[in-house]
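Take a look at the following structure, please.
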Amino acid sequence: MLLAIDTSAGTSVAIVDRDRGILAERSEADTMRHAEVIGGMIQAVLDESAVARAELSGVVAGMGPGPFTGLRVGIAAARTFALALGRPLVPIVSHDAIAFAHFAADAAAQAAGARTAPLLVVTDARRREVYWSAYSGVDELGLPVRLDGPGLAKPEALPALALDAFGAFDGAFERLDAAEISAGALGMVAELSFAAGRPFAADEPLYLRSPDVTPSNGPKRVTR
């Protein structure tokens, strides 16, 4: 079983199991309250799932893309929790969770023989920019296949980026603008990836640009 945490958009925390799925999940859409709510949400999902901390085999961290201030809260919480438990940190690209949930919901149409359109996942990057990732569909395990991204772009640049990413496909792609990321879906991507021996994401936050606040290049000059 895994504890999964994502703060790349709002805040989402879940307990997942490969065989039983999402056992408990809590989400908060407010993008300004990550630090205030995350501790209580972790305790809530542990209580609801009746999973003892010692039963967890790892902690999943959504690595973004996401704005610096919010994203680092979830990654720091996941790293701290993993260290305290003596369990591994499992880094997963947050956009993969969005694509996984989308394609899973579309499974009935796929079973009926309908063609699944490739998917462009888009999330808010602030500063009048967006994060994006392009997916061709899912593999035999139901894991999303990422063609390109994550990337950062102006909204008006997305059509050209999508044309490059989906140029090999015959037909239109589907665009999904997501405001939230499910930690439950994030955790299931981790569970399925581990079971199949697939590599996880790099253990590096996907800020994709410099933080809003940077330190000065030297000591502050004092005048009298």
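The values are calculated or read from the model by the stated rules, or taken from the named source; none is laboratory data. Keep in mind that this is a model prediction, so the values were computed, not measured. Reconstructed Cβ throughout: ideal geometry from the backbone, glycine too, with neighbour counts over all protein chains shown.
Out of region 14-42, which residues are touching a residue at least 40 places away in the same chain (Cβ under 8 Å), within 23 Å of ARG126 (Cβ to Cβ) and in a strand (DSSP E or B)?
SER27
Moving on to the next point. I'd like the residue in region 191-209 that is touching a residue at least 40 places away in the same chain (Cβ under 8 Å) and of a type in the set (Gly, Ala, Ser) and, out of all such residues, is surrounded by the most Cβ atoms within 10 Å (Cβ to Cβ).
Applying the first criterion (touching a residue at least 40 places away in the same chain (Cβ under 8 Å)) to region 191-209 yields 191-196, 198, 200-209.
This time we only want the ones that are of a type in the set (Gly, Ala, Ser), so: 193, 195-196, 201-202.
On the way: SER193: 18, ALA195: 11, ALA196: 11, ALA201: 20, ALA202: 10.
Ranking the qualifying residues of region 191-209, first place goes to ALA201.
Also, quick follow-up: For the list (1) part of a helix (DSSP H, G or I); (2) within 18 Å of ALA201 (Cβ to Cβ), I need the number of the one condition that HIS102 fails.
Evaluating HIS102 over (1) part of a helix (DSSP H, G or I); (2) within 18 Å of ALA201 (Cβ to Cβ) leaves (2) as the failure.
If you take just the strands (runs of 3 or more DSSP E) that sit entirely in region 125-194, which of them hold at least 3 residues that are touching a helix residue (DSSP H, G or I) at 6+ places or on another chain (Cβ under 6 Å) and of a type outside the set (S, T, N, Q)? Give the steps one after another, and end with the answer.
Details: elements: 129-138, 144-153, 174-177.
Here the list reads 129-138, 144-153.
Here's a follow-up. Name the residues in region 71-99 that are of a type outside the set (Phe, Trp, Tyr), in a helix (DSSP H, G or I), surrounded by fewer than 23 Cβ atoms within 10 Å (Cβ to Cβ) and in contact (Cβ under 8 Å) with a residue 12 or more places away in the chain, would you? Before the answer, list the steps.
So in region 71-99, the residues of a type outside the set (Phe, Trp, Tyr) come out as 71-80, 82-99.
Cutting the leftovers down to in a helix (DSSP H, G or I) gives us 71-80, 82-85, 94-99.
Narrowing the set further to residues that are surrounded by fewer than 23 Cβ atoms within 10 Å (Cβ to Cβ) leaves 72-73, 76, 79-80, 82-85.
Within region 71-99, ARG72, VAL73, ARG79, ALA82, LEU85 qualify.
Please go through region 123-179 and give me each residue that is hydroxyl-bearing (Ser, Thr, Tyr) and closer than 30 Å to MET32 by Cβ, ordered by number.
Let us first name the residues in region 123-179 that are hydroxyl-bearing (Ser, Thr, Tyr), namely 123, 131, 133, 135-136.
Hits for region 123-179 are THR123, TYR131, SER133, TYR135.
Counting just the residues of region 52-65 that are under 23 Å from the mean Cα position of the chain (by Cα) and closer than 11 Å to LEU2 by Cα, which one comes out surrounded by the fewest Cβ atoms within 10 Å (Cβ to Cβ)?
First pass over region 52-65, keeping only residues under 23 Å from the mean Cα position of the chain (by Cα): 53, 56-65.
From what's left, closer than 11 Å to LEU2 by Cα: 53, 56-61.
Numbers: ARG53: 12, LEU56: 17, SER57: 15, GLY58: 20, VAL59: 25, VAL60: 29, ALA61: 33.
If we take residues in region 52-65 being under 23 Å from the mean Cα position of the chain (by Cα) and closer than 11 Å to LEU2 by Cα, then ARG53 is surrounded by the fewest Cβ atoms within 10 Å (Cβ to Cβ).
For ALA109, indicate whether it is surrounded by fewer than 23 Cβ atoms within 10 Å (Cβ to Cβ) and either at pLDDT below 95 or not in a helix (DSSP H, G or I) (or both). I'd like the intermediate steps shown before the answer.
Numbers: surrounded by fewer than 23 Cβ atoms within 10 Å (Cβ to Cβ): yes; either at pLDDT below 95 or not in a helix (DSSP H, G or I) (or both): yes.
Judged against the criteria, ALA109 is a match.
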